[in-house]
Amino acid sequence: MALPQDITPFNSEVMDTLVKSADMDWMPMENDPKRGFMKILWTGSESGTWAVLFRWLKGYVAPPHKHLTASHTFIIKGKLQVREGVLKTGDYVYEANGMVHGATTALEDTDYIFICNGPVLFFDDDSFTSYLGWEELRRLQAAHNAAKAPKRKKAA
């Protein structure tokens with residue numbers, strides 16, 4: 001029986017994305033490259049949404065920040081101090097658009113999935129210090145890939 005409506009994709013280039021994170025490098029994070037690492041799983045230019053696998057070693061501290069859109073966090077292993085609470089292995093948290101909170105600290109070595117529907121704005125007491133969204137993540141990935149690419153010898 002034929003469907004009553006044509007459901008052929010308008011954009012045939014849109015496909016599922018499979019990411020084998022085990023094959024990806026851990027990229028050091030700029031604010032603490034010895035204790036903070038990430039794997040950029042996906043960035044969506046059409047929506048601004050992005051997905052990252054974070055690995056924070058005990059003592060890593062993410063600075064205070066504001067979520068400029070909603071986010072989802074799932075703790076794979078470890079513990080994070082977030083505001084007055086502690087997220088543990090298996091915990092999930094949804095943070096609404098506009099959520100502002102102080103530093104987030106890894107209480108032990110922690111791996112977690114973070115899916116954000118847009119950018120996060122970091123700040124200190126006096127100013128904005130950085131911004132993280134899909135475009136910045138693509139720049140970081142490109143810089144990481146360029147740094148690990150074999151260097152070509154100059155022609156004589």
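The values are calculated or read from the model by the stated rules, or taken from the named source; none is laboratory data. Keep in mind that what you see is a predicted model, and the values were worked out from it rather than measured. Cβ placement follows ideal geometry from the backbone for every residue including glycine, while neighbour counts extend to all protein chains displayed.
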Output for Cβ contacts, cut-off 7 Å, separation at least six or different chains, first residue closer than 15 Å to Ser71 by Cβ in region 39-51, second of a type in the set (S, T, N, Q) and surrounded by fewer than 16 Cβ atoms within 10 Å (Cβ to Cβ), reads Leu41/Ser21; Trp42/Thr17
So, in region 110-134, exactly how many residues are surrounded by 16 or more Cβ atoms within 10 Å (Cβ to Cβ) and either without any contact (Cβ under 8 Å) to a residue 12 or more places away in the chain or among the hydroxyl-bearing types (Ser, Thr, Tyr) (or both)?
2
Is it true that some residue in region 64-81 is aliphatic (A, V, I, L, M), more than 21 Å from Pro33 (Cα to Cα) and over 15 Å from the mean Cα position of the chain (by Cα)?
no
Being in contact (Cβ under 8 Å) with a residue 24 or more places away in the chain and either closer than 28 Å to Ser45 by Cβ or in contact with a helix residue (DSSP H, G or I) (Cβ under 6 Å, 6 or more places away or on another chain) (or both) is true for just one of Leu107, Leu137. Which residue is that?
Leu137
All but one of (1) under 21 Å from Ser21 (Cα atoms); (2) small (Gly, Ala, Ser); (3) in a loop (DSSP other than H, G, I, E, B) hold for Ala142; state the number of the condition that does not hold.
(3)
May I ask you to verify whether Pro33 is without any contact (Cβ under 8 Å) to a residue 12 or more places away in the chain and under 17 Å from Phe122 (Cβ atoms)?
yes
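Criterion first (among the hydrophobic types (A, V, I, L, M, F, W, C), farther than 27 Å from Ser127 by Cα and surrounded by 15 or more Cβ atoms within 10 Å (Cβ to Cβ)) does Ile76 satisfy it?
Here the answer is no, as Ile76 does not meet what is asked.
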Of all the strands (runs of 3 or more DSSP E) wholly in region 35-82, which have at least 2 residues that are at pLDDT 95 or above?
36-43, 50-56, 71-77, 79-82
Of the residues in region 27-52, those that are within 22 Å of Ala106 (Cα to Cα) and touching a helix residue (DSSP H, G or I) at 6+ places or on another chain (Cβ under 6 Å) come to Met27, Lys39, Ile40, Trp50
